[in-house]
Structures are given as structure tokens and as C-alpha cells.
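Derivation of every value follows stated rules applied to the coordinates shown; laboratory data play no part. These numbers come from a predicted model, not from an experiment. Methodologically, a virtual Cβ is constructed for each residue, glycine included, from the backbone with ideal geometry; neighbour enumeration extends over all protein chains shown.
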Amino acid sequence: MGLKPDHWIRKMAREHGMIEPFVDSQVRKGVISYGVSSYGYDLRVADEFKIFTNVFGAVVDPKSFDPKSMVDFIGDVCVIPPNSFALARSVEYFRIPRGVLTVCLGKSTYARCGIIVNVTPFEPQWEGYVTLEISNTTPLPAKIYANEGLAQVLFFEADEECEVSYADKKGKYQNQKSIVLPKL
């Protein structure tokens, strides 16, 4: 299994629609960078957020998630409260090839501010908008800028294709069109 370089990412995006919309270079001027990089792709966060709140006294339970534990927000800048958490989605829609696995990591600009991005791997043949998990680990409110870079996706191509892909097993997070809450 090997990490794939920028020319492979460009080819897969152009010929197979792996990333849409695709930004062919790394945009940096005045924004948190996004677009293709040397060995990955810096995805952008859309302007839709679900921010955790304890207004209704809900308990976070992955087996029985209560949507009342979150408030919806749409805007260019999302402020995540101190020591809190938000969900968002990527601007880009991904179609992962059968012989590829991705790892998604938070960008250092946000990490240096105490903002941690946790995204699980995109499995072979998974597709959809990425649901992004954003943690503000600081005792201060933290800003997240919509339509700017939030995380970097690294692409690893296997030596051979898997027997059972995410699509084959009809994964519960397949074809996400919006922010998707936990499912059992």
C-alpha cells in the first residue's frame, strides 16, 4: 500500500470524479489553505454546522443519539463554545476507488489553536460528503471558517483490491448528502 502523489489525485479527480468540486492547486492567499497538495487534498468545510449544546439536558449516546443535543447553524463563521464540539460537512463530494483507503487529518493551522478535527477513514468505494467532527479543546470560543480548508485527506492505494468494499456491505454512511448523525 502506498501514499499517492498530487498527479495521481489530479488524474483520479478528472477521470473518475473522485473529488467534486476539485481544486487543482493549493489556494492559500487570505484563507486557510485548500485544494490538492503534494500527497493529499485539503478539503473545505461547508457553511452548515451542528453545534453541541446542553440546553435540553440531553445525554450523548451513540446507540440512541438525541438530535436535541445539537443546534443547527448556517453561516460563514461558526463559533464553537469552549470545550465543546460541532459537526459539519465537507464542500467536496468524494468517490473513493475500490483499491484506495484514505486517512483524514486536521490541518495544523487549526490544531495550533486547540481545534481538533477527527474524521474516520474513507473506506474503499465509500462516497458522499464527509461528516466532519470538530472539537474545541480550549477554554475559549473558537472560530471555524466556512469554505476554507479544515482537514487533509491522504490517499493510500492497495497492492490489490479488497474482497468486500464499503459499497458491497451497504455501509450505513454511504452516499451522505448532508451532516449525518450517529447510526446504529
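Annotations
- Shape of the chain, Cα gyration tensor, a/c cut at 1.5: oblate
- Among the lysines of the chain, pairs that are 8 or more positions apart or on different chains and have alpha carbons within less than 20 Å of each other number 18.
- Judged by the gyration tensor of its Cα atoms, with axes a ≥ b ≥ c, region 1-60 is prolate; a/c meets the 1.5 cut and a/b is the larger of a/b and b/c.
- Along principal axes, Cα extents of region 41-101, largest first, whole Å: 43, 31, 18
- Looking at region 53-184 alone, DSSP beta bridges between its own residues are antiparallel in about 95 percent of cases.
- Volume per residue that the Cα convex hull of region 69-168 spans, once the total is divided by residue count, Å³: 106 Å³
- Of the residues 84, 38, the one with the fewest other Cβ atoms within 10 Å heads the list, and the complete ranking is 38, 84.
- Residues residue 38 and residue 118, FRET efficiency given R0 of 25 Å [Cβ-Cβ distance, rounded to 0.05]: 0.60
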